[in-house]
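One structure below.
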Amino acid sequence: ETAIYLSVASPRASKAFYEELGMSADHDYGDKFIDFTIAPGGPRLGLLTRKSLAKDVGVDAHGEGFSAVVLRHRAGSAREVDHLLSTAESVGGRVTVAAKTSAAHYSGCFTDPDGHHWTVTAPA
């Protein structure tokens, strides 16, 4: 099993954001830890406070800036890409790249309320 853990200001608030994007929490421990299954057979997504996650991996909790990590979701259609970008923005995220078509795909980018970067793409 593969899991991706994101540090967030409030796991409970971030849970609401990700639920609006269509995810369902498997385990909910309030502002301690939230765990999602993104898709059957796919990686799990976990939300913890920055302090807790930093402690778990033995680093300073005060690091800042772009983490050089971008999460990617492959949507089924351009319509789904547009829906996810619109929903993300309406529930506290920020669209950083408007959806557009390239030679190979249709895609756009957003950040969640804690600044984690996502690219959403679909076949062109």
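Overview of results
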| item | result |
| --- | --- |
| Verdict on Arg72 being within 16 Å of the chain's Cα centre (by Cα), exposed (fewer than 13 other Cβ atoms within 10 Å of the Cβ) and among the basic types (Lys, Arg) | yes |
| Cross-chain or 6+ apart pairs with Cβ under 6 Å, the range 26-45 first and among the charged types (D, E, K, R), then in a loop (DSSP other than H, G, I, E, B) and modelled with pLDDT of 90 or more | Asp31/Ser10 |
| When residues of the range 100-121 are limited to those that are under 21 Å from Phe17 (Cβ atoms) and either charged (D, E, K, R) or in contact with a Gly (Cβ under 7 Å, 6 or more places away or on another chain) (or both), the one most open to solvent (accessible area, probe 1.4 Å) | Pro113 |
| The range 82-124, subset among the hydroxyl-bearing types (Ser, Thr, Tyr) and under 10 Å from the mean Cα position of the chain (by Cα), residue farthest from Leu71 (Cα to Cα) | Thr111 |
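Table: residues versus (1) surrounded by 13 or more Cβ atoms within 10 Å (Cβ to Cβ); (2) at pLDDT 90 or above; (3) in contact with a strand residue (DSSP E or B) (Cβ under 9 Å, 6 or more places away or on another chain).
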residue	(1), (2), (3)
Glu1	no, no, yes
Leu6	yes, yes, yes
Lys15	yes, yes, yes
Asp28	yes, yes, yes
Ala39	no, no, no
Ala68	no, no, no
Ala78	yes, yes, yes
Ala98	no, yes, yes
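The values are calculated or read from the model by the stated rules, or taken from the named source; none is laboratory data. Bear in mind that the values here come from a model prediction, so they are computed numbers and not experimental data. All Cβ positions, even for glycine, are placed from backbone atoms using ideal geometry, and neighbour counts span all protein chains on display. Side chains are part of the model used for accessible areas, which takes the heavy atoms of the whole protein and leaves out ligands, DNA and RNA. Shrake-Rupley method; radii C 1.70, N 1.55, O 1.52, S 1.80 Å.
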